[in-house]
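To start, the structure under review is shown below, and the notes come after it.
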Amino acid sequence: MDYLNTFKKLKAMADTGLLYCQNEFDKERYEELSELSQQLMSAILSTPIDVITNSFSPVKDYPTPMVDVRGFILNTQNEILLVQEKSDMRWSIPGGWADIGLSPTENVLKEIHEESGLLAEVVRLLAVYDKKNHAHPPQTHYVYKLIFHCKALTTHLNVSHDINQASWFPIHQLPPLSTDRILETQLHELYNLVVNKSSHVSCD
């Protein structure tokens with residue numbers, strides 16, 4: 001049984017209940033359920049309860065998955081553009097949390113430019129990943145990942161403040177990956193989709 005995912009569902013149920021409850025009795029029960037779910041997540045993740053609690057924003061609307069957008073870019077030698085995150089000194093394809101007010105493609109192009117300095121264009125959607133179905137490290141939030149095949153329009157790499165460096169890597173010579181952001185299995189799947197000119201979109 002996936003206990004962490006179950007506790008995330010409990011937290012979402014409690015948050016939904018708090019949004020729509022109409023009496024103090026129900027409010028107390030949903031608050032208790034929310035606190036209990038966070039305590040259980042704290043135990044599963046071996047993380048202090050205050051860290052878990054502070055990772056959640058006050059609930060003002062129906063809880064939904066968070067969205068991570070990322071760009072998959074190959075150069076003319078079929079090398080993959082990767083950026084090294086300062087937070088863990090490991091590598092990922094450019095991307096991050098989707099910003100409100102920008103479309104998915106606008107978000108991914110912004111992230112590519114901010115993290116690598118490259119201007120790019122979106123070719124197509126490659127994958128929609130549900131993180132719980134992949135071997136990412138456990139975390140408190142429920143996350144969907146949108147991966148777009150993008151084409152670089154410029155060549156000069158110029159990293160942002162939260163990126164240590166950017167570089168191109170052959171698919172069989174990948175550096176240590178930031179597995180919270182991308183997995184080697186995912187990179188191989190994305191690479192094969194692009195190189196083989198497949199129209200398939202990987203889902204879930």
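Just so you know, all these numbers are worked out from the coordinates, no wet-lab data involved. Being a predicted model, the structure only gives us computed values, none of them experimental. Cβ coordinates were reconstructed from backbone atoms using ideal geometry, including for glycine residues, and neighbour counts include every protein chain displayed.
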Sorting 22, 34, 4 by the position of each Cα along the dipole of the stretch 3-54 (Lys, Arg +1; Asp, Glu -1; all at Cβ), the one nearest the positive end of that ordering is 4
Net charge near residue 84 (other residues with Cβ under 12 Å of its Cβ; Lys, Arg +1; Asp, Glu -1) is -1
Amide H contacts under 5 Å for residue 72, restricted to residues at least 5 apart in sequence or on another chain and with H modeled in the peptide plane, are 148, 149, 150
Row for the chain, column shape: gyration tensor on C-alpha, a ≥ b ≥ c, rounded if a/c < 1.5 i.e. under 1.5, prolate if a/b over b/c, else oblate; value prolate
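Take every DSSP beta bridge with both residues inside the chain and express the antiparallel ones as a percent of the total, to the nearest 5. Provide the component values of the computation, followed by the final result.
Details: 21 of 32 bridges.
Just about 65 percent of them are antiparallel.
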Looking only at lysines whose Cα falls under 26 Å of residue 60's and that sit 8 or more positions away or on another chain, we get 8, 9, 11, 27, 131, 132, 145
Counting Lys and Arg as +1 and Asp and Glu as -1 over every other residue whose Cβ sits under 12 Å from the Cβ of residue 98, the net charge comes to -1
The summed charge of the residue 124 Cβ neighbourhood (under 12 Å; Lys/Arg +1, Asp/Glu -1) stands at +1
A student applying the Cα gyration tensor rule (rounded when a/c is under 1.5; otherwise prolate if a/b is larger than b/c, oblate if not) would label the stretch 1-73 oblate
Per its Cα gyration tensor (rounded if a/c is under 1.5, else prolate when a/b beats b/c, else oblate), the stretch 104-144 is best filed as prolate
Once phi for every residue in the stretch 58-67 is put through the Karplus expression 6.51 cos²θ - 1.76 cosθ + 1.60 (θ = phi - 60°), the whole-Hz ³J(HN,Hα) values, with Gly and Pro written as x, are x, 7, 10, 8, 4, x, 9, x, 7, 10
Computed ³J(HN,Hα) along the stretch 118-135: with the Karplus parameters 6.51/-1.76/1.60, θ = phi - 60°, integer Hz and x for glycine or proline, the list is 7, 8, 8, 10, 7, 8, 5, 6, 9, 7, 10, 9, 8, 4, 5, 8, 10, 7
CD proxy, 222 nm, the chain: helix-only mean residue ellipticity via -39,500 (n - 2.57) per DSSP H run with n ≥ 4, per residue, nearest 500, stands at -11500 deg cm²/dmol
Extension length gain for residue 100 and residue 119 (0.36 nm per residue less Cα distance), in nm, is 4.7 nm
